[in-house]
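Data block below; observations after.
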Amino acid sequence: MTDLSVEVSQPLAEARVFRVVTQEQYSGAGEKLKAIKGLMQKVNATFDPIISKAYAAHREAVAQKKNHEGPLIEAEGIYKRGMLGFQQEQERIRREEQARMDELARKERERLEARAAAAEAKGKAEKAEELRNQAATVPAPVVQIETPKVSGVSTREVHKAVVTDLKDLLQGVIDGKVPEGAVLANEPFLNAQARLQKSSLNYPGVKVVTEQILSSRLS
């Protein structure tokens, strides 16, 4: 072990067997805290420069990586947007063609139904039934457009939730229609309000908890 390792391990060994049950022990604990603060300063002086250099090197490496991958990410985005745009345009064309084919099938069914009605009016029941059967079985072709298959490239759907009305969402939680996990409490905000308002904080469902924290410093 290094000299510093020995120095910092000694206070812990002493603290584990130390008890504060008398005035003298209370004062002694205070002195121990000041000694620990001194050792903490020594640890900081030893390792903070190393950490600073490592952080600076890390930051520089991250910046260099970002500079090099930036053009690649931009190029990737351009190709992806182009391919997605192509897919969406093909789907638009497919829907339009499907609507056209559906309309043609509908008109054909109407034509056959009209012929069936005319045949029935002339007393040709058998012919009318045949025409109605034909109308019922007029197919509506399913239009498909195949996009080129590229190895290693795939498209998937990603679903995201967008809160359009927070009050409605909260009411859904109250009514049991939405899990509570959908509206996690903003604890940093609530803690900040507790520090600001202290015991006067009065939010429904929130209580102020006061903790005593002992601080120490080198005198």
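The values are calculated or read from the model by the stated rules, or taken from the named source; none is laboratory data. Predicted, not measured: the structure shown is a model, and the values here were computed from it. Here the Cβ is made from the backbone with ideal geometry for all residues, glycine too, and neighbour counts use every protein chain on show. Side chains included, ligands, DNA and RNA excluded: accessible areas come from the protein's heavy atoms. Shrake-Rupley method; radii C 1.70, N 1.55, O 1.52, S 1.80 Å.
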**Study point:** Positions within region 81-95 being under 14 Å from Val142 (Cβ atoms) and open to solvent by 70 Å² or more (accessible area, probe 1.4 Å), in sequence order
**Key:** Arg95
Review point. From the residues in region 145-178 that are open to solvent by 100 Å² or more (accessible area, probe 1.4 Å) and of a type in the set (Ser, Thr, Tyr), which one is farthest from the chain's Cα centre (by Cα)?
Key: Ser151
Point to revise | Selection count where residues are among the polar types (S, T, N, Q) and either under 30 Å from Glu91 (Cβ atoms) or more than 57 Å from the chain's Cα centre (by Cα) (or both), scope region 112-142 | key: 1
Check your understanding: Of all residues in region 29-63 being over 28 Å from Ala15 (Cα atoms) and among the charged types (D, E, K, R), which is least open to solvent (accessible area, probe 1.4 Å)?
Key -> Glu60
Revision key, fill the gap. So, first residue closer than 23 Å to Tyr26 by Cα in region 207-218, second residue open to solvent by less than 100 Å² (accessible area, probe 1.4 Å) and not in a loop (DSSP other than H, G, I, E, B), Cβ within less than 7 Å, six or more apart or across chains; the pairs are Ser216/Leu33; Ser216/Lys34; Ser216/Lys37; Arg217/Lys37; Leu218/Lys34; Leu218/Lys37; Leu218/Gly38
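Would you please name the residue that is modelled with the highest pLDDT, looking only at residues in region 1-50 that are hydroxyl-bearing (Ser, Thr, Tyr) and outside any helix (DSSP H, G or I)? Lay out the reasoning, then the answer.
Kept after step one, since they are hydroxyl-bearing (Ser, Thr, Tyr), are these residues of region 1-50: 2, 5, 9, 22, 26-27, 46.
Imposing the further condition that a residue be outside any helix (DSSP H, G or I) reduces the set to 2, 22.
On the way: Thr2: 70, Thr22: 94.
For region 1-50, the residue satisfying everything is Thr22.
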Revision key, fill the gap. Within region 179-198, residues open to solvent by less than 60 Å² (accessible area, probe 1.4 Å), among the hydrophobic types (A, V, I, L, M, F, W, C) and over 24 Å from the mean Cα position of the chain (by Cα) come out as Ala192, Ala194
Review point. Does any residue in region 34-61 that is at negative phi come within less than 7 Å, Cβ to Cβ, of a residue that is assigned to a helix (DSSP H, G or I) and among the acidic types (Asp, Glu) six or more places away or on a different chain, and which pairs are these?
Key: Leu39/Glu7
